[in-house]
Amino acid sequence: MKRLLITGAAGNLGKLARARLGHLAEVLRLSDIAEMAPAAANEEVVQCDLSDAAAVMDLVKDCDAILHLGGVSVERSWDLIQAGNITGVYNLYEAARAHGHPRIFFATSNHTIGYYRQDQVLDVTDPMKPDGLYGVSKCFGEAMASLYHSKFGQETALIRIGSCFEKPRDRRMMATWMSPDDFVHLVECVFRVPMLGCPVIWGVSDNDACWWDTSTAKLIGWRAKDNSEVYRDEIEAAEACPAPDAPQSVYQGGMFTAEPIHK
Ligand code: NAI
Ligand code: 15L
């Protein structure tokens, strides 16, 4: 493709995408509310608040696809979540509608279902059970994608990411971890599959510990390769086993279920 827009380019996954996904497009347009490193030869850097409708309209112009990683990524005050994840997502989908429906990879989250217990296995048709305002905002994003697909044919991959970090950070992430390599391949599959539609796909590696039926991954030809099990000894040595009734032992969303409503 000619131009791939990456939102949230100053963040954890945005930096990873910038470093490892340049081959997907002639030009990467990188955007964030925060400052980013200066543009390299095949890059454009555009600082932009997703809640600014006019700026987002300009941002999306001339883009063939969007890797949407921008927005608030943890539990925060409603004002911040509303700006980045509610108004920001509306602005993004309206801009995509105005500019020829570039395909969207939407980074949604396991916190859309965080109040399910860890002894349940979910598939993507199970009702949402968000564990905070952040989770609610991702439910909104999934609903927007569904609406714009039904009404306008907008294609979106709704990737419910578990925990994408270099390696799992605690016992819960033995089940939720997605490796950086699996993430990179997942993005490639989303943008290369001929017909996408609007599937929900769990963004998780091929971990032995697993709470999600990952069968929808095959719709885009993605097969995760890594497995958190290789880190089990390290994780169990570093973290004492939490009490069986502690949030991180009970709920899929872990400690997010224990967060207050932030003011
Ligand atoms: P991050 O917090 O490191 O990056 C998000 C970026 O969005 C930040 O650079 C921030 O400045 C930017 N941002 C926040 N509000 C904004 C606004 N109003 N306008 C423009 N930019 C704004 O998060 P990370 O880890 O890179 O995650 C990327 C995406 O993936 C997020 O949408 C997050 O919700 C989602 N996700 C990530 C998971 C993970 O394990 N890393 C798990 C589940 C979902
Ligand atoms: C998320 O949605 C967050 O963006 C990320 O920072 C992690 O906390 C992750 O979920 C998780 O559940 O581990």
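For the chain, lysine pairs separated by 8 or more sequence positions, or belonging to different chains, with Cα-Cα distances below 25 Å total 17. With the simple model of a label 7 Å out from the Cα in the direction of the Cβ, residue 34 to residue 213 spans 3.8 nm. Only beta bridges with both residues in the chain are counted; by DSSP, about 5 percent of them are antiparallel. Per residue, the chain exposes 45 Å² of solvent-accessible protein surface, assessed with a 1.4 angstrom probe and all protein chains in place. Put the Cα centre of the stretch 130-149 next to the Cα centre of the stretch 55-121 and the gap is 8 Å.
Using Cα springs under 10 Å in a Gaussian network model of the chain, which residue among 72, 193, 250 shows the largest mean-square fluctuation? Checking each option, the largest mean-square fluctuation is seen for 193. If you take the square roots of the eigenvalues of the alpha-carbon gyration tensor of the stretch 160-250 and sort them as a ≥ b ≥ c, do you get rounded (a/c under 1.5), prolate (a/b over b/c) or oblate? In terms of gyration-tensor shape, prolate.
Of the solvent-accessible surface of the stretch 3-258, computed with a 1.4 Å probe and all protein chains present, 52% belongs to carbon and sulfur.
Annotation: the chain has a Kirkwood hydrodynamic radius of 18.6 angstrom, from the mean reciprocal C-alpha pair distance.
Our coupling estimate for the stretch 250-262, obtained by passing each phi through the Karplus curve with A = 6.51, B = -1.76, C = 1.60 and θ = phi - 60°, is 9, 9, 4, x, x, 5, 4, 5, 9, 6, x, 7, 6 Hz, Gly and Pro reported as x.
Please say if the stretch 115-213 is rounded, prolate or oblate, where rounded means a/c under 1.5 for a ≥ b ≥ c the square roots of the C-alpha gyration tensor eigenvalues, and otherwise the choice is prolate for a/b larger than b/c and oblate otherwise? Numbers along the way, then the final one.
Numbers: a/c = 2.06, a/b = 1.30, b/c = 1.59.
It is oblate, given that a/c is not under 1.5 and a/b is not larger than b/c.
For the chain, the mean residue ellipticity at 222 nm estimated from helices alone is -8500 deg cm²/dmol, where every DSSP H run of n ≥ 4 contributes -39500 (n - 2.57) and the total is divided by all residues, rounded to the nearest 500.
Highest first, please rank the peptides 75-84, 151-160 by the mean number of other Cβ atoms sitting within 10 Å of their residues.
Details: 75-84: 17.5, 151-160: 20.2.
Ranked by mean Cβ neighbours within 10 Å, highest first: 151-160, 75-84.
The values are calculated or read from the model by the stated rules, or taken from the named source; none is laboratory data. Source: prediction; values computed, not measured. Note: ideal-geometry Cβ built from the backbone for every residue, glycine included; neighbour counts use all protein chains shown. Side chains are part of the model used for accessible areas, which takes the heavy atoms of the whole protein and leaves out ligands, DNA and RNA. Shrake-Rupley method; radii C 1.70, N 1.55, O 1.52, S 1.80 Å.
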